[in-house]
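Asker: This structure is in structure tokens; I'll ask about it shortly.
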Amino acid sequence: MDLHNKEPLSQDVLPVVVIGNGPSGICLSYLLSGYTPYLSPEGSHPNPILHSKLAENPHLSLFEQDLEYLCEGVEGRSSNPVAVLFDSLLLPDSDFGLDYASPLVWRCEPERATPHLVLGKGPPGGAWHAMEGSMLTLSLANWMELPGLKLKDWMREKRRNVRNDRATPAEIASYYQHYVREMGLERSFVCGTTVTSVRRVPLGSGSSAWEVQGLQRRAGEVVEIPFSVFAENVVLATGTHDIPARLGVEGETLPFVCHSFWELEAAISAGRLDRASEPILVVGAGLTAADAILAAHHLNTPVYHAFRRAVADPALIFNQLPKLLYPEYHKVHQMMSQQQHQTGESAADVVSQRLSLTGDDRARCSCSYPGYLSFPKHRVASFKPDGKCVLEGEGGGQTVLQVSMALVLIGSHPNLSFLPDQGRQLGLEPDEPISCRRNPVDVDPYTYESVQEPGLYAMGPLVGENFVRFLKGGALAIVCDLVRKRRIRGQESVPESSVGHLLSCQLSNCTLDA
């Protein structure tokens, strides 16, 4: 059945379409597939107030409970209350390095399953497949895992030694792909898809639905096939790694100015960077910038590091991470603090002198990290064709640096080109682009439904959640709201025939390697 240019029938309208197949979309699919959390009869939460609230209705699943009531008084490292709640239930007191067992028990209840599609450009795992590299990323310590499959257990099956509870992006991507297969979620995942349009269209019954249009490149095929599906609800789970953020300064398009960590890796692999190279400039104070500094430091390549905040600014990500779990990032924070550029000194001389020290001279030097110099509260004023970069300090003073490569790593923006005006009308500030930090999608904090568009949800980085451990709360909030809506309509279950029909007629499911 071709849905193009035809009025959709009720049986052709899916309950949910998810745009994005990273960890956000995967976790949501798990909950929509009938996997249901309950308080375990033997379960106990270290927070006695939260435990007593859960014990008031032990026969009810978490989907049927009052999330706002459960969230009261629960504190954590996210500004989204449901994210903090679900993280506390899955990983109790993990911020303190404790390993309490979750009080939840998961039951597979197929009668609760909600037919849905998860659309993604690549294999399940989203942007993690584009981050393949040798860097060790965020702590494994259960924070990257999804419900029902312990990441540590999976890692031990794959290799003998788990180094410092850390993993590479490639390993994390492989875990997410394995998770989809292990949990039996493949039938809902459609890979190779590019969504081009999401809009509301009227139905013959007087109601309306979301029409999701796009293109799919099927395995082994070159030509992209158009598709169109209809949904009662659409969930934006695209992440924010599509479009690197730019400074908007003179010379930013010059060849030596790059905007991704992987361009640094390519330069290293090609042998263009070593101890004798001109310094590289890293702009930004996030985790990706820290990874770039660590990679260059490992090669003894000198590094200039410019960022707009003060080192002690509470909003700086390094001031929010537990030191014991993130020793490498704590090391970068120490570098930023201890080796700052001083007015009047030559940056090139300082870096070269420190890097050339050996033996006793290095031991007597007050610097702990030779070859590194930070520029707090500085912004890039311009880049010049001869490889020079002009930095401007807080007082307006300028410093000119000669560099071999400049890495502008100041975050990224989501690609919401399938929405009118890139989805700006959905943000907290409708006149600004959607971004994780400055202008997330404006959603109800307990349902994650858009304040502007009923039936449109957002989760993950789009609502300010950069850490996998917290994006899972969005999946819980969305499913709870869908259950509430279904209960209001008096529907206990949704037929699954329509999703199979749509898949067989238009879209080819993901094929996952064994």
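The values are calculated or read from the model by the stated rules, or taken from the named source; none is laboratory data. Because the structure is a prediction, the values reported are computed rather than measured. Here the Cβ positions follow ideal geometry from the backbone for every residue, glycine too, while neighbour counts run over all protein chains shown. When the accessible area is computed, the model is the full protein with side chains, heavy atoms only, and any ligands, DNA or RNA have been set aside. Shrake-Rupley method; radii C 1.70, N 1.55, O 1.52, S 1.80 Å.
Asker: Inside the range 160-213, can you point out the residues that are of a type in the set (Ser, Thr, Tyr) and modelled with pLDDT under 80?
Answerer: Within the range 160-213, Thr168, Ser205 qualify.
Asker: Of the residues Arg309, Arg275, only one is charged (D, E, K, R), over 18 Å from Gln339 (Cα atoms) and open to solvent by 70 Å² or more (accessible area, probe 1.4 Å); which?
Answerer: Arg275 is the lone residue from the list that is charged (D, E, K, R), over 18 Å from Gln339 (Cα atoms) and open to solvent by 70 Å² or more (accessible area, probe 1.4 Å).
Asker: Restricting to the range 420-457, count the residues that are in a loop (DSSP other than H, G, I, E, B) and on the phi > 0 side of the Ramachandran plot.
Answerer: Selection size over the range 420-457: 2.
Asker: Another question, if that's okay. Report yes if some residue within the range 47-58 is acidic (Asp, Glu), out of contact with any Ser or Thr (no Cβ under 6 Å at 6 or more places or on another chain), farther than 17 Å from Tyr446 by Cβ and open to solvent by 10 Å² or more (accessible area, probe 1.4 Å); otherwise report no.
Answerer: Scanning the range 47-58 turns up at least one residue that is acidic (Asp, Glu), out of contact with any Ser or Thr (no Cβ under 6 Å at 6 or more places or on another chain), farther than 17 Å from Tyr446 by Cβ and open to solvent by 10 Å² or more (accessible area, probe 1.4 Å).
Asker: Among the residues of the range 16-43, what is the count of those that are open to solvent by 10 Å² or more (accessible area, probe 1.4 Å) and more than 24 Å from the chain's Cα centre (by Cα)?
Answerer: Residues flagged as open to solvent by 10 Å² or more (accessible area, probe 1.4 Å) and more than 24 Å from the chain's Cα centre (by Cα) within the range 16-43 amount to 6.
Asker: (1) in contact with a Gly (Cβ under 7 Å, 6 or more places away or on another chain); (2) assigned to a helix (DSSP H, G or I): which one isn't true of Leu31, the others all being true?
Answerer: (1)
Asker: With the requirement that a residue be open to solvent by 30 Å² or more (accessible area, probe 1.4 Å) and either modelled with pLDDT of 95 or more or among the hydroxyl-bearing types (Ser, Thr, Tyr) (or both), what does the range 429-448 give you?
Answerer: Correct list: Asp442, Asp444, Pro445, Tyr446.
Asker: Just need a number here: residues in the range 318-330 that are buried (at least 17 other Cβ atoms within 10 Å of the Cβ), in contact with a His (Cβ under 9 Å, 6 or more places away or on another chain) and not in a loop (DSSP other than H, G, I, E, B).
Answerer: Count: 1.
Asker: I've got another one for you. Looking only at the range 237-258, decide whether some residue is free of Cβ contacts under 8 Å to residues at least 40 places away in the same chain, open to solvent by less than 30 Å² (accessible area, probe 1.4 Å) and on the phi < 0 side of the Ramachandran plot.
Answerer: no
Asker: For the range 128-153, give me each residue that is hydrophobic (A, V, I, L, M, F, W, C), open to solvent by 10 Å² or more (accessible area, probe 1.4 Å) and modelled with pLDDT of 80 or more.
Answerer: If the condition is that a residue be hydrophobic (A, V, I, L, M, F, W, C), open to solvent by 10 Å² or more (accessible area, probe 1.4 Å) and modelled with pLDDT of 80 or more, then Leu149 is the only one that fits.
Asker: Are any residues in the range 74-96 of a type in the set (A, V, I, L, M), open to solvent by less than 20 Å² (accessible area, probe 1.4 Å) and assigned to a loop (DSSP other than H, G, I, E, B), and if so, which ones?
Answerer: If the condition is that a residue be of a type in the set (A, V, I, L, M), open to solvent by less than 20 Å² (accessible area, probe 1.4 Å) and assigned to a loop (DSSP other than H, G, I, E, B), then Leu91 is the only one that fits.
Residue-by-condition table, conditions (1) at pLDDT below 95; (2) out of contact with any helix residue (DSSP H, G or I) (no Cβ under 9 Å at 6 or more places or on another chain); (3) not small (Gly, Ala, Ser):
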| position | (1), (2), (3) |
| --- | --- |
| Tyr30 | no, no, yes |
| Thr36 | no, no, yes |
| Asn47 | yes, no, yes |
| Pro58 | yes, yes, yes |
| Phe63 | no, no, yes |
| Leu67 | no, no, yes |
| Leu91 | yes, no, yes |
| Gly97 | yes, yes, no |
| Tyr100 | yes, no, yes |
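Asker: Hey, among Val483, Val479, which residue is touching a residue at least 60 places away in the same chain (Cβ under 8 Å), open to solvent by 30 Å² or more (accessible area, probe 1.4 Å), of a type in the set (A, V, I, L, M, F, W, C) and within 22 Å of Ser61 (Cα to Cα)?
Answerer: Being touching a residue at least 60 places away in the same chain (Cβ under 8 Å), open to solvent by 30 Å² or more (accessible area, probe 1.4 Å), of a type in the set (A, V, I, L, M, F, W, C) and within 22 Å of Ser61 (Cα to Cα) holds for just one of Val483, Val479, which is Val483.
Asker: Now, a different point. Could you list, in sequence order, all residues of the range 373-419 that are within 23 Å of Ser277 (Cα to Cα), without any contact (Cβ under 8 Å) to a residue 24 or more places away in the chain and part of a strand (DSSP E or B)?
Answerer: Lys388, Val390, Val400
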